1. Between M217 and K244, what's the calculated FRET efficiency when r is the beta-carbon distance and R0 is 30 Å? Round to 0.05.
2. Hey, rough spin-label estimate for S80 and E144, points 7 angstrom out along Cα→Cβ, what's it come to in nanometres?
Amino acid sequence: YRLSIYQKELWRVFCSSKPFSAGMTLISVQIILLLLLADLLFGLPVNTAMWNLPESTKRSVSFQYFRLRVLALRNGASGSAIKSIGLTSWGLMHQNCEIPARENGWVDGVKHVEDRQGSIAYLNFSTPVLVDGWFVVTSNMSVEMDPSTFVVEALEDGEWQILGLSHACGWRPLVELEEVQISSDKLPSFTLPKERVKTVKFLNADSRCVWGSCAQMIGRYVEGISLLLAVLAIRKGWFEWPVKLISVAFFIGGVVKISSYAAICDLWE
């Protein structure tokens, strides 16, 4: 009997002159909207790095010991399958200058030591250096060997703290994430340019750097809020409004997300 009623309701929707608006009257559609709303607003676990977006309130920081950890490659390799960082070199930035300068091993008279151990590359200085960003130089190997998920960390009080995330150019010092939480499936990915031996800069002072990460969140919440308003409109009996709200919001959300990729590509020029 219930199935018969539901079939009649579906037939009413399909025969309607405005099937999308009529579909909003179905309880099943309303439940789906609520589930999508919950996923968009709360789907990202709070303990993942995506919630720890970079902030520009502290543009420069000073540390002595740094490391870059590659968690995944473009070809899908991760963990122990990664034998190298897949980069020609990497380093830090201060006032748009590379640290260390690749033509010598000194930074304002401060000696540095580089070391690579599989998927981890270390950069140690004899004294703390002031930095406000970092850079990587793509390798001369296949693009499939490029790192796609990686973190830059600094040693403070005997513990490694995250400074930079793949996809997020700026950094947020002292991100409180446990080691077990730092895995390739919980970090955003970053597609390096196809040009070989190409320098890619991640500058904390450049607002375009943090836009890539922020845009993903903004687009997500625009879409989520539209679903919330759609559900409220349905409860009020305004069945034509939900379709318009969802269509406009998802279009705006898509444009915002696309703009984040445009900003990232602009950084490569």
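Taken together, the values in this text are just the output of simple stated rules run on the coordinates, not laboratory data. It should be emphasised that the depicted structure is a prediction, and the values quoted were computed from it without experimental measurement. As a convention, Cβ positions derive from the backbone with ideal geometry for all residues, glycine included, and neighbour counts pool all protein chains shown.
1. Working: r = 24 Å, r/R0 = 0.80.
After rounding, the FRET efficiency stands at 0.80.
2. 2.3
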